[in-house]
Amino acid sequence: NAGVTQTPKFRILKIGQSMTLQCTQDMNHNYMYWYRQDPGMGLKLIYYSVGAGITDKGEVPNGYNVSRSTTEDFPLRLELAAPSQTSVYFCASRKTNQPQHFGDGTRLSIL
Amino acid sequence: AQSVTQLGSHVSVSEGALVLLRCNYSSSVPPYLFWYVQYPNQGLQLLLKYTTGATLVKGINGFEAEFKKSETSFHLTKPSAHMSDAAEYFCAVSEGNDYKLSFGAGTTVTVRA
């Protein structure tokens, strides 16, 4: 079992570029989440999904988009990268009535 | 809406000493409460959780936490610190079983030899 896998682990983007952060899980979890972690701020929820084809906004969704075409995958897209999006991004998944399992994160710098 | 306050962004303890990390929450419904640990360059790992039932919860690596409704607290303790406990610790709350977590800002623990 690989658990929750995030790619890439590190990335540097220029302002205005776009990219997709990949997240896949092999545990057949129906719920999936994207968080960002900024120093001294804890984790903030960006988007979440309760199953394939269903997504919803979290606390800080502006500047991001998601899709959930399969149970396994939950990619996060940045369309026009801004310096404020420099952060560490975590994907998580869970089964019904179970806590979240986290990936190892993607460290993103926008210059 | 729920929120979490972790008191103290940094805690330093001697090896073998008590570890006490403080967490207070607010929630409009009975909360589910969690403690996660994060080692450098890794994701978050669940230490323990409180959902319903017994208010003293035991977790992995010798940690435990007690839910005190009257104090809206969920403090994390470990009787004897090990060097391997050096990490960042996050308290989180969800409003019941929706599991949409709100996290505290985190507490970094350093352990002195």
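The values are calculated or read from the model by the stated rules, or taken from the named source; none is laboratory data. Keep in mind it's a predicted model, so treat the numbers as computed, not measured. Ideal geometry is used to build each Cβ from the backbone, glycine not excepted, and the neighbour counts take in all protein chains shown.
Annotations
- Test: residue in segment B:62-73 that is charged (D, E, K, R), touching a His at 6+ places or on another chain (Cβ under 7 Å) and at pLDDT 95 or above: yes
- Those residues of segment B:27-67 which are in contact (Cβ under 8 Å) with a residue 60 or more places away in the chain, more than 14 Å from chain A (Cβ to nearest Cβ) and either buried (at least 17 other Cβ atoms within 10 Å of the Cβ) or of a type in the set (Gly, Ala, Ser) (or both), in sequence order: B:SER27, B:SER28
- The residues on offer are B:TYR25, B:TYR36, B:TYR32, and the sole one that is touching a Lys or Arg at 6+ places or on another chain (Cβ under 9 Å) and within 14 Å of B:LEU101 (Cβ to Cβ) is B:TYR32.
- Qualifying residues in segment A:1-24 (those that are farther than 22 Å from A:LEU111 by Cβ and within 12 Å of chain B (Cβ to nearest Cβ)) - the one modelled with the highest pLDDT: A:CYS23
- Restricting attention to segment A:66-111, the residues being more than 9 Å from chain B (Cβ to nearest Cβ), touching a residue at least 40 places away in the same chain (Cβ under 8 Å) and hydrophobic (A, V, I, L, M, F, W, C) number 10.
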